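Participant: The structure's right below; bear with me while I get my questions together.
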């Protein structure tokens with residue numbers, strides 16, 4: 001696990017180095033926008049199609065959804081209780097709730113789990129993302145951002161996330177899977193080659209997104225409960241729920257590790273869109289990512 005994280009962090013460090021050096025005058029923001037667009041519109045749908053077309057769908061898929069929803073809802077409720085004891089500005093509350101509830105299950109979880117457990121773990125990540133994480137993010141997450149931020153009314157319906165390349169790829173893959181249509185050999189090779197680029201590009205983009213300027217001493221008291229709930233209590237809760245599932249031991253370990261990931265990157269977009277505290281959220285992403293170097297090996301050795 002330690003060797004895997006070192007490899008992951010070296011790729012992330014390349015993104016950090018690009019952010020500092022700006023090769024060819026390309027800023028981190030512009031480079032990340034291009035890379036994440038390629039991943040989101042081409043490579044990630046390819047990966048989803050490749051994985052879900054051949055995955056075993058059924059009871060485990062329902063369990064992934066229930067466990068993911070339970071973990072996120074519990075983290076939200078616990079953080080809301082903590083914040084209720086303090087008089088904080090709404091933009092701060094909204095940013096902290098988003099940072100606590102939604103883990104980086106794809107951008108960091110996918111490459112880490114794939115390296116640690118093997119290719120089969122990609123199915124766990126994709127199903128947790130599509131059946132639990134993304135539906136909650138684009139419904140409950142948006143409601144939180146609107147409530148605590150500034151909503152100018154220029155927004156799409158919350159269910160519009162269904163009309164996106166990853167969800168269309170998932171829909172097609174599930175239909176093909178349930179109808180037992182085999183993957184043509186020529187297409188399987190193409191999908192595998194394209195999907196292989198997802199993990200390194202995600203890690204590189206994560207390095208581009210980490211903001212060292214956001215690290216402020218005054219924000220440390222706000223970040224501590226995020227670290228405790230996200231990196232310790234959320235995976236602890238998952239370990240308490242998993243004994244009631246029918247998953248094998250290796251699947252349970254993959255679920256715990258994926259839900260022990262640091263704060264998601266996409267929350268920065270929500271904070272910017274709805275005028276939440278973007279600087280505080282960026283600090284939460286950076287600090288929880290650094291702390292995960294310690295917490296992830298711990299959970300890997302205790303599951």
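The values are calculated or read from the model by the stated rules, or taken from the named source; none is laboratory data. On a predicted model such as this, the values are computed, not experimentally measured, just so you know. Quick reminder, even Gly has a Cβ in these numbers, built from the backbone with ideal geometry, and neighbours come from all protein chains shown.
Participant: May I ask you to list the residues in the stretch 226-263 that are assigned to a loop (DSSP other than H, G, I, E, B), closer than 19 Å to residue 123 by Cα and touching a residue at least 24 places away in the same chain (Cβ under 8 Å)?
Facilitator: Across the stretch 226-263, the qualifying residues are 245, 246, 247, 260, 261.
Participant: If you take the residues in the stretch 113-161 that are within 23 Å of residue 8 (Cβ to Cβ) and surrounded by fewer than 16 Cβ atoms within 10 Å (Cβ to Cβ), which one is modelled with the lowest pLDDT?
Facilitator: Among those residues, the one meeting the criterion is 119.
Participant: Further question: Spot the failing condition for residue 269; the list is (1) part of a helix (DSSP H, G or I); (2) touching a residue at least 12 places away in the same chain (Cβ under 8 Å); (3) under 28 Å from residue 131 (Cβ atoms), and only one is missed.
Facilitator: All conditions are met except number (2).
Participant: Oh, and also: Would you be able to say whether some residue in the stretch 214-235 is farther than 20 Å from residue 75 by Cα, buried (at least 22 other Cβ atoms within 10 Å of the Cβ) and either touching a helix residue (DSSP H, G or I) at 6+ places or on another chain (Cβ under 9 Å) or modelled with pLDDT of 85 or more (or both)?
Facilitator: No, the stretch 214-235 contains no residue that is farther than 20 Å from residue 75 by Cα, buried (at least 22 other Cβ atoms within 10 Å of the Cβ) and either touching a helix residue (DSSP H, G or I) at 6+ places or on another chain (Cβ under 9 Å) or modelled with pLDDT of 85 or more (or both).
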